[in-house]
Amino acid sequence: YLIYGEESYLKEYYVKKLKDKLVDDSFADFNFHQYEGKKVPLSDILNDADMMPVMSEHTFLLVHDFPLNKSKNDIDLLKEYLTQANESAVIVFWCDSIEVDVKNDAKWKSVISCIDKSGVCVDMQKRNEGDLVKIIVAKAKSNGSSISPNDAKYLIATVGDDIKTIISEVEKLSAFAHGGVIDRKIIDDLAVKSLQAQVFDLSKYILAGNSDGAYGILRVLSAQKQEAIPILSIISSCYIDMYRVKCAKASGLPETDVANFFNYKRKEWKLKKAASNAKNISIENIRNALDLIAKTDEMLKSTPIDDYILLEETVTKLIMLRNG
């Protein structure tokens with residue numbers, strides 16, 4: 001198995017499911033082998049895979065974060081092993097923090113093609129909003145509380161779309177609700193906002209011309225020691241979304257058509273939000289804002305000026321643009 005993709009929770013979940021199904025705890029010392037991929041040669045792992053199981057049908061080899069794409073020799077070794085693989089050995093390559101770039105990396109393509117012939121490659125992608133809502137509602141119910149689908153969507157917007165984070169937050173909110181309803185007030189009071197959610201709020205204040213609200217969030221981000229470049233990047237993405245929606249509207253197309261040209265898979269809600277935010281802003285103002293953001297990005301990377309001074313100056317100018 002090759003298990004990879006963006007959704008870390010699902011990767012870990014299914015690795016555990018495989019282990020629980022295939023490994024008898026009584027003989028785990030003999031039949032379960034775990035490797036930190038970067039520390040062990042692939043040749044050693046494949047040699048271990050030739051061992052026969054003890055009092056069991058399978059040996060289970062869990063290989064964590066092995067960079068299979070870094071060495072042509074490793075790919076050749078894997079191909080050779082798979083031509084005469086030990087049928088009692090189950091090898092799972094778990095790509096936890098390693099990114100498997102199937103589109104642009106020819107070596108990863110070769111690895112996946114090789115494994116697909118004898119095993120299974122699974123891309124654990126981020127779940128869409130509808131899937132996450134079902135997870136939240138079900139998790140709240142299992143904890144003895146309840147949450148409406150709309151408030152589940154609000155929770156996603158607040159804490160982000162990482163399943164592990166979402167489950168942790170639902171458990172905390174359920175404990176506070178004492179078997180009652182998790183509503184927006186409880187979410188606002190207790191949920192820990194993701195960086196993206198905080199910067200979306202910052203962008204909302206900028207677009208509303210609310211300088212006090214915008215500077216307040218900047219102070220919080222500074223106290224959290226959040227880096228300036230990711231903050232600016234999220235602000236930029238908000239303006240890019242608005243620009244794309246505005247261009248679509250100017251061409252007589254609905255905002256949903258933007259998803260046909262750019263990657264908004266499982267993020268279609270961003271286009272709806274962008275359409276709402278862009279109602280009272282001209283395309284010219286958005287262009288000027290993007291030029292300003294680009295200049296700030298260059299300055300953040302090339303000048304010794306304090307990052308948050310640059311951010312505050314940029315926010316001020318964006319608000320001035322918004323106000324005409």
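Only the coordinates and a few stated rules stand behind these numbers; no lab work does. Predicted model only: the values in this text are computed from it and were never measured. Using ideal geometry, Cβ is built from the backbone for each residue, glycine included, and neighbour counts are taken over all protein chains shown.
Going by a ≥ b ≥ c, the root eigenvalues of the Cα gyration tensor, does the range 1-154 fall in the rounded group (a/c under 1.5), the prolate group (a/b larger than b/c) or the oblate group? The partial results should precede the final answer.
On the way: a/c = 2.87, a/b = 1.53, b/c = 1.88.
Note, shape of the range 1-154 comes out oblate.
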Exercise for review: Output the relative contact order of the chain, whole-number percent, from Cα pairs under 8 angstrom with separation of 6+ residues.
Suggested key: 14
Point to revise | Spatially proximal lysines relative to LYS246 (Cα-Cα < 24 Å; intrachain offsets below 8 disregarded) | key: LYS204, LYS265, LYS267, LYS270, LYS272, LYS273, LYS279, LYS295, LYS317
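Just from its helices, what would the mean residue ellipticity at 222 nm be for the chain, if runs of 4 or more DSSP H residues each count -39500 (n - 2.57) and the sum is divided by every residue, rounded to the nearest 500 deg cm²/dmol?
On the way: 15 runs with 194 residues, N = 324.
One gets -19000 deg cm²/dmol as the mean residue ellipticity at 222 nm.
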**Study point:** the range 1-54 versus the range 95-140: alpha-carbon centroid distance in Å
**Key:** 17
Check your understanding: What is the helix-to-structure angle for 106-118, meaning the angle in degrees between its Cα long axis and the longest Cα principal axis of the chain, kept from 0 to 90 and rounded to the nearest 10?
Key -> 50
Review point. For the range 114-245, rounded, prolate or oblate, judged on the Cα gyration tensor with a ≥ b ≥ c (square roots of eigenvalues), a/c < 1.5 rounded, else prolate if a/b > b/c?
Key: oblate
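Where does the charge balance sit around LEU173 when Lys and Arg score +1, Asp and Glu -1, over other residues with C-beta under 12 Å from its C-beta? Don't skip to the end; give the middle numbers.
Numbers: positive: LYS139, LYS172, ARG184, LYS185; negative: ASP151, GLU169, GLU171, ASP183, ASP188, ASP189.
So the surrounding residues net to -2.
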Review point. Between rounded, prolate and oblate, where does the range 129-190 land on the alpha carbon gyration tensor, with a ≥ b ≥ c its root eigenvalues, rounded for a/c under 1.5, else prolate if a/b exceeds b/c?
Key: rounded
Revision key, fill the gap. Looking only at lysines whose Cα falls under 18 Å of LYS17's and that sit 8 or more positions away or on another chain, we get LYS164
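May I ask you to sort MET52, MET242 by Cβ crowding, counting other Cβ atoms within 10 Å and putting the fewest first? Spell out each step's value before the answer.
Numbers: MET52 11, MET242 27.
Lowest to highest Cβ neighbour count: MET52, MET242.
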